[in-house]
Amino acid sequence: MPRGQKSKRHARKKSHKARGEAQASGGVQEIAEKSGGAAEKSSAASQTHPGAESSSTPEAPQNATPSASSTLSISSLESHESSCEGSEEFKEKECPVEDKPCTILPHQEMVARKVMVLLQHLLHNFNLKKLTTKEDMLKLITKKYEYDFPEIFRKASQKLEDAFEVEVREVNSSEPSYNLISKLKLPNNGRIRAGRGFPKTAFVMCVLGIILIRGNCASEEDVWKTLKKQRIYPGKKHCIFGEPRKLMTHYLVKLKYLEYRQVAGSDPPRYEFLWGPQAYAETSKIKVLEYLAKINQTTPSAISAIHEEALKDYQGQTEARDEDDSDATDQTSEDSSVKLPANSTVPVDP
């Protein structure tokens with residue numbers, strides 16, 4: 001074989017291998033970008049062609065068991081090279097009569113594609129602050145897959161929960177309707193700012209996880225070093241999370257999910273992040289660790305030391321709350337069921 005052909009063949013093999021490794025690494029960033037980037041386009045396309053079958057559905061991350069270090073550093077959450085703007089639409093692909101017969105895809109593969117169509121439709125409506133009715137969902141997946149709707153709905157809900165830390169919940173209305181509900185009590189149902197937008201809950205959980213695995217206090221440099229591996233950069237607007245530095249150092253500090261303080265004695269000044277009071281009130285170390293384990297496809301006990309510390313912290317909170325309930329009359333407003341860090345937050349300009 002000529003040397004030029006060998007080189008091209010070797011390059012193609014390396015390209016396929018790199019793509020496979022990226023898919024196996026998976027994580028919240030990959031799901032979020034695919035879901036968010038294609039949601040608006042695919043939902044509109046699906047509504048225009050309710051009977052269309054998807055022909056270019058993004059593949060789900062492959063199962064992978066990352067090492068303990070990758071679980072803790074969140075370094076395994078690398079994303080695909082595809083960006084939000086470059087995500088493929090779900091398009092109807094016709095099969096010309098004169099061409100060779102279309103390949104009939106397995107039923108479960110078509111169900112998987114319907115899952116992605118429904119997921120993107122739910123996310124698109126959330127961005128527009130609209131409810132999604134069951135009638136609309138049934139029209140979207142077409143009558144042919146009506147009997148598969150429970151499975152499709154369950155899987156789409158699970159993927160949204162994994163990617164954005166939201167629950168697909170039925171809300172009170174004149175007809176069965178659903179909305180995405182943030183698992184943290186963030187303003188505007190997880191959007192943080194008023195108006196349209198995508199939920200930021202998963203981003204908050206990831207930042208809390210970085211702080212946790214860094215020993216309950218993470219330098220600003222370490223936080224950005226980890227986030228950059230997910231292609232989240234300070235000062236650069238992200239299609240799902242907005243401008244991340246302002247999100248962390250202004251909004252999340254103001255909402256008391258994070259503390260942002262100067263490192264003592266640092267010259268020039270350096271800063272570090274800690275959990276804020278609201279984070280301690282709404283979640284726990286064990287819950288954050290379980291979330292990181294879920295998106296890394298491993299178990300919280302992969303790192304026994306941090307798992308044990310988080311479990312003890314969670315048990316301590318539970319015991320303290322039980323004591324408060326049994327002896328509420330002797331408690332003062334200054335007592336707390338959770339030991340919070342010292343209040344030394346540095347004021348941050350908007």
For segment 113-160, give me each residue that is of a type in the set (A, V, I, L, M, F, W, C), in a helix (DSSP H, G or I) and open to solvent by 50 Å² or more (accessible area, probe 1.4 Å). L138
Residues of segment 248-306 satisfying the condition of being free of Cβ contacts under 8 Å to residues at least 60 places away in the same chain, under 24 Å from Q230 (Cβ atoms), outside any helix (DSSP H, G or I) and charged (D, E, K, R): R270, E272
Which residues, taken from segment 163-197, are assigned to a helix (DSSP H, G or I) and surrounded by fewer than 19 Cβ atoms within 10 Å (Cβ to Cβ)? P187, N188, N189
Quick one: in segment 167-177, which of the residues that are touching a residue at least 40 places away in the same chain (Cβ under 8 Å) and touching a Phe, Trp or Tyr at 6+ places or on another chain (Cβ under 9 Å) is farthest from T283 (Cα to Cα)? V171
As an exercise: evaluate Y314 against (1) outside any helix (DSSP H, G or I); (2) of a type outside the set (A, V, I, L, M, F, W, C); (3) open to solvent by 50 Å² or more (accessible area, probe 1.4 Å) and give the number of the one condition it does not meet. (1)
Out of all the residues in segment 280-289, which are closer than 17 Å to S182 by Cα and in contact with a helix residue (DSSP H, G or I) (Cβ under 6 Å, 6 or more places away or on another chain)? S284, V288
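The values are calculated or read from the model by the stated rules, or taken from the named source; none is laboratory data. Worth saying up front: this structure is predicted, and the values here are computed from it rather than measured. Don't worry about glycine lacking a Cβ; one is built from the backbone with ideal geometry, like all the others, and counts go over all protein chains shown. Areas reflect the complete protein model, heavy atoms only, side chains present, ligands, DNA and RNA absent. Shrake-Rupley method; radii C 1.70, N 1.55, O 1.52, S 1.80 Å.
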